Amino acid sequence: MLDDTTAPTGLFTDDSQVTRCVWCRATPHYQHYHDFEWGVPVHNDERLFEKICLEGFQAGLSWLTILNKREAFRKAFADFDMDKVAQFDDNDIKRLVLDAGIVRHRGKIASTINNAQRAQELRKEFGSLAAYFWQFEPQATTRPSQITRQTLTGVTTSPESIALSKDLRKRGWSFVGPTTMYAFMQAMGLVNDHLEGCGARSRAFAARTAFTVPRVVASG
């Protein structure tokens, strides 16, 4: 997310004296996402499924492009209800390829349907998607002692995102590369990559402190 070389600290302060990570500077909508979603721990399966799908659609694009289309994506993909998306067929693919509100990439659309079916399998095995994904939360001791522009420069993956990507691919998922999975982990609060000095960092930290990690419920 550190994509603005004009801010050496990786931060910017707006007219109301709120300091944020610079990557969200483009629009108020982006800033709201940064302030109240990005980095906040998530246990809701639909939100987790939505995000992993949208991260796949982002490949080769900016997250702001996807965020601006998110409501259209939700409408197109049944609010990312995995059980409904898993039932999509070739007619749905043809319909979605013609939907100007979303990214009309046939491969990514087909991947979303496939991944919905694989998500059902994960839910059956682990009890929830949340229980599965939160197994990949990094230990605090493996994280930098301070999250700054310098410590995050060039960081696009982690051992955990690589492991998550590898496991998902083994299970038949697609568009889940290590970089995509690290962005997913950042967004869903498995890591807190708000920079030191960002006003949202402490809120994300407090949310994680209050968060109960979902437990695996064995199937059967």
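Brief remarks on what is shown
- Note, ³J(HN,Hα) from phi for region 46-59, Karplus 6.51, -1.76, 1.60, rounded to Hz, x at Gly and Pro: 5, 5, 5, 5, 4, 5, 5, 5, 5, 5, x, 5, 5, 3
- Span from the region 85-163 Cα centroid across to the region 1-77 one, whole angstrom: 15 Å
- A cut-off of 5 Å between modelled amide H atoms, ignoring neighbours fewer than 5 places along the same chain, links Leu11 with Val22.
- Fully extending the segment from Ala207 to Thr9 would add 68.8 nm, taking 0.36 nm per residue of separation and subtracting the current Cα-Cα distance.
- At 1.306 mPa s and 10 °C, Stokes diffusion of the chain via Kirkwood alpha-carbon radius, µm² per second: 88 µm²/s
- Treating r as the C-beta distance of Asp89 and Asn44 and R0 as 25 Å, the FRET efficiency rounds to 0.40.
- Scalar couplings 3J(HN,Hα) for region 115-121, obtained by applying the Karplus form with A = 6.51, B = -1.76, C = 1.60 to θ = phi - 60°, are 5, 5, 5, 5, 5, 4, 5 Hz; x denotes Gly and Pro.
- The relative contact order of the chain comes to 30 percent, based on Cα pairs under 8 Å that sit 6 or more residues apart.
- If R0 is 41 Å, the Cβ-Cβ spacing of His32 and Gln120 corresponds to a FRET efficiency of close to 0.80.
- Projected label distance in nm at Arg70 and Gln146, using a 7 Å step from Cα toward the beta-carbon: 3.1 nm
- Against the empirical curve 2.2 N^0.38 Å, the C-alpha radius of gyration of region 31-156 lands at a ratio of 1.17.
- When the Cα positions of Asn115, Gln58, Gly154 are compared along the charge dipole of the chain, Asn115 comes out farthest toward the positive end, with charges on each C-beta of Lys, Arg, Asp and Glu.
- Pairs from the list Lys51/Lys166; Lys69/Lys124; Lys51/Lys108; Lys84/Lys166; Lys94/Lys124 with a Cα-Cα gap above 21 Å: Lys69/Lys124; Lys84/Lys166; Lys94/Lys124.
- Each label point was placed 7 Å from the Cα along the Cα-to-Cβ direction; for Arg169 and Arg104 their separation is 3.1 nm.
- Based on DSSP H segments of at least four residues, each scored -39500 (n - 2.57), the chain has a per-residue ellipticity at 222 nm of -14500 deg cm²/dmol.
- Phi angles of region 175-189 translate, via the Karplus equation with coefficients 6.51, -1.76, 1.60 and θ = phi - 60°, into HN-Hα couplings of 6, 10, x, x, 5, 4, 6, 5, 4, 4, 5, 4, 5, 8, x Hz per residue; Gly and Pro are given as x.
Each value in this text was obtained by applying a stated rule to the coordinates, not by laboratory testing. Remember, predicted model here, so these are calculated numbers, not experimental data. Cβ coordinates were reconstructed from backbone atoms using ideal geometry, including for glycine residues, and neighbour counts include every protein chain displayed.
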